[in-house]
Each structure stands twice: as structure tokens, then as C-alpha cells.
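Encoded as C-alpha cells, the structure appears first; notes follow it.
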Ligand code: SAH
């Protein structure tokens, strides 16, 4: 469906509420729209019964292949050693989805003596429904806790993992008008009380990149808040951000809505599609440094997994499970695909300045 052509028959109760809100309060900035779609207690996307996974709207790396979470588990074990093998540390995952990555990571990391005994697992998750799924998937871990916000994770040495977490955090879009002034991009009402995008109030913004009329800049304040929280922690930390988006400087509209593995109009059915936008890794690394942390990367997912030994890991798994060999190989190929996830996804490590860059960035 082309953007703007919203069929009223497909209206949702959240749509009705958003229309009323815009009638009452005026057009909403995009981040407010994304927040309402994601987190509305009644109609928000993350409390829908089927979101991620083959049977849901979209699929992620840990859901494609167990090798993904296993390699991250082994990576975490090496990083723990680099932290000085502390007797107690936090293994934190932001937006753990179905808990698959953490389950696979903990299973693989068993081979590192002392790692599991030292770990307490912290899952930062907004969705009650996904928390329940995570509880079932991750299973019997001696020390595990859930938090609504990363600021609630207690101090202590920590390893943070985030796969496709940042892309779901709301963004602002700023549009450059004909006079070169920047305006907030908002969700407004069209003549038939459907939702449409419009240019809203002027905002103060100094683009570091050349931009002409119609250019769009995307800002994600949730990243700044997250990095400030990490920078505030007293103990050393290493954080791994894996997401889709460009490695270098970029501009443009990257908002996308996905439903049942297809792209849909982001305004058509609020709360019923996964709304995400590119993670701008160059900006993320710069923000981490400005917050007082160090950043290593980004590198592509294919480089990251390749350097961690994905080929050897897959070969061993295939030898041990000959009946599943085809499926294992296909999964790994998908994660590594040069024109697909292997290249589109990037990996950035953010760490305390006192620490060296973690492998495989070192
Ligand atoms: N990491 C998982 C899931 C990615 S989907 C995977 O790779 O499969 C995004 C996840 O982030 C979901 O678990 C969603 O509920 C969670 N999430 C989205 N916004 C959040 C927020 N503001 N705070 C905490 N969790 C959030």
C-alpha cells in the first residue's frame, strides 16, 4: 500500500485513539507516534501475541541460527576474562525478544570455567508478554532479573548485549524546508481523518552533513540516554550493539514497518507492525565517545562472525548433527550473506576507556 493511502476499513483501536489525540493536541512528532505504537499498554506492538520469529512479523539472527547466540556466548566468556574474570558480574541483554540469544549464549559459555558461576543475568524488557517467553526459554538460571530500564541494572562489572534493540527505539525526523530551515516531521491528519506525514514546527538543528530542501535527518535520543547511563556506571563494562544501518555518515528517511515479513505503510495500522529505523553507527560511536566511553568498530556482521570462527563452529555443529546439516548451513549462510544480513548488519563495541577494545576489534 503506498504511504498515505490508508484504508479506513483497516482501522485499529489505537488508530482511533491517535486520531482523537491529534484532533485534541495537534500533530505528533514521529518519536511520540513510534512510542505509542510500541508501548501502548493496551494496543502497543510489543504486547501482541506474535511479533518476532518465523510465525510472526519479522525474524532476527538468533532466531535464524543457534550459532549466532553461541558465538556471542563464547565472545562474552572471553570478554569476562578480559575484565579480569571477576567473581561476580552482570550479563545484561537489552530487548531480549524470545530469549533465544541468551539461552544459546549461556549454553555455549558453559565451557569457560567459572563464567556461569560469576554471572547474574539481567534482561531489560518492556513487554510483559515477552518477559514470560524469556522466562520459559532461558529457563533455570540461578540469578536472573528483569528490568524495564537499563538504569535499574545494579552496578558491578558488566557485559551488555543488544541485537536489534536500538532500531526499535523511537526516532525524531527533521525535514529541511525550501529555506534551508529544519522542521520536525510530524504525524498529522489528512482531509479524511487518516494519518499522514507533515512538516511541523521549526527546530534548531545544525546538520554536520550538507543537506538541501527535502533532506531528512534522523535523531534517536534514546541512544544518548542509554550511553549516558552506561557512562555513569562506576565499574568497567563492554557493550555489544548489533543492528542494521550504515557504518558511515548517512541521511534520509529509513523508517520502516514490517508485518508478516513484508513492508507495510508505517501509518496504516498503528501498533500492528514492527516499526524500526536504521541505527546510524557513525553517530552512535561519536555519541559514545562524547559520553566518556570508547568505541570500536563498526564492522559488518559477516566480519564479526567470521573473526569469531563461525565457519568452524558451524562445521562442528553439522558434524555432530548430520540430519540438520542442511538447515544449519542455510542459517549461517543467511547471517553471513554479502548482499543481505552479513553486510547490512553492523557490530559496534562500546567499552570503558580503561579497557582495551574487546576481541575481535582488538
Ligand atoms: N534481541 C531480540 C529481539 C529484538 S526485537 C532478537 O534479536 O531476537 C526488540 C526487543 O526489544 C523486544 O524484546 C522488545 O520488546 C524490546 N524493546 C523494545 N523497546 C524497548 C525499550 N524501550 N526498553 C526495553 N525493551 C524494549
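The values are calculated or read from the model by the stated rules, or taken from the named source; none is laboratory data. Here the structure is a predicted model, which means the values were calculated and not measured. Cβ placement follows ideal geometry from the backbone for every residue including glycine, while neighbour counts extend to all protein chains displayed.
Just a few scattered comments:
- So residue 3, is it more than 10 Å from the ligand (Cβ to nearest atom) and modelled with pLDDT under 90: yes
- The stretch 320-343: number of residues that are at pLDDT 95 or above and out of contact with any helix residue (DSSP H, G or I) (no Cβ under 8 Å at 6 or more places or on another chain): 7
- Residue-level analysis places residue 104 outside the set of residues that are assigned to a helix (DSSP H, G or I), more than 23 Å from residue 146 (Cβ to Cβ) and within 13 Å of the ligand (Cβ to nearest atom).
- The stretch 81-101: number of residues that are in contact with a helix residue (DSSP H, G or I) (Cβ under 6 Å, 6 or more places away or on another chain), part of a strand (DSSP E or B) and away from the ligand (no atom under 15 Å from the Cβ): 1
- When the stretch 125-142 is filtered for residues that are within 8 Å of the ligand (Cβ to nearest atom) and either closer than 19 Å to residue 235 by Cα or part of a loop (DSSP other than H, G, I, E, B) (or both), the ones remaining, listed by number, are 125, 126, 127.
- Assessment of the stretch 326-346 against the conditions (farther than 18 Å from residue 69 by Cα, touching a residue at least 60 places away in the same chain (Cβ under 8 Å) and crowded, with 18+ Cβ neighbours inside 10 Å) yields no matching residue.
- Some residue of the stretch 27-50 being away from the ligand (no atom under 16 Å from the Cβ) and surrounded by fewer than 17 Cβ atoms within 10 Å (Cβ to Cβ): no
- So residue 62, is it in contact (Cβ under 8 Å) with a residue 60 or more places away in the chain, surrounded by 18 or more Cβ atoms within 10 Å (Cβ to Cβ), over 30 Å from residue 194 (Cα atoms) and under 21 Å from the mean Cα position of the chain (by Cα): yes
- Qualifying residue in the stretch 225-238 (condition: away from the ligand (no atom under 16 Å from the Cβ) and under 25 Å from residue 38 (Cα atoms)): no
- Leading residue by the ranking (nearest to residue 121 (Cα to Cα)) among those in the stretch 155-178 that are more than 16 Å from the ligand (Cβ to nearest atom) and touching a strand residue (DSSP E or B) at 6+ places or on another chain (Cβ under 7 Å): 158
- Of the criteria (1) surrounded by fewer than 21 Cβ atoms within 10 Å (Cβ to Cβ); (2) within 14 Å of the ligand (Cβ to nearest atom); (3) not in a helix (DSSP H, G or I), which one residue 120 fails: (2)
- Looking across the stretch 267-287, the residues that are farther than 16 Å from residue 164 by Cα and away from the ligand (no atom under 16 Å from the Cβ) come down to 267, 268, 269, 282, 283, 285, 286, 287.
- The set of residues in the stretch 51-69 being near the ligand (Cβ under 10 Å from one of its atoms) and outside any loop (DSSP other than H, G, I, E, B) consists of 52, 58, 61, 62, 63, 64, 68, 69.
- Criterion (over 21 Å from residue 348 (Cβ atoms), free of Cβ contacts under 8 Å to residues at least 24 places away in the same chain, more than 12 Å from the ligand (Cβ to nearest atom) and more than 18 Å from the chain's Cα centre (by Cα)) met by exactly one of 181, 145, 109: 181
- Residue ranges of strands (runs of 3 or more DSSP E) in the stretch 144-218 with at least 3 members surrounded by fewer than 22 Cβ atoms within 10 Å (Cβ to Cβ): 144-147, 182-189, 195-202
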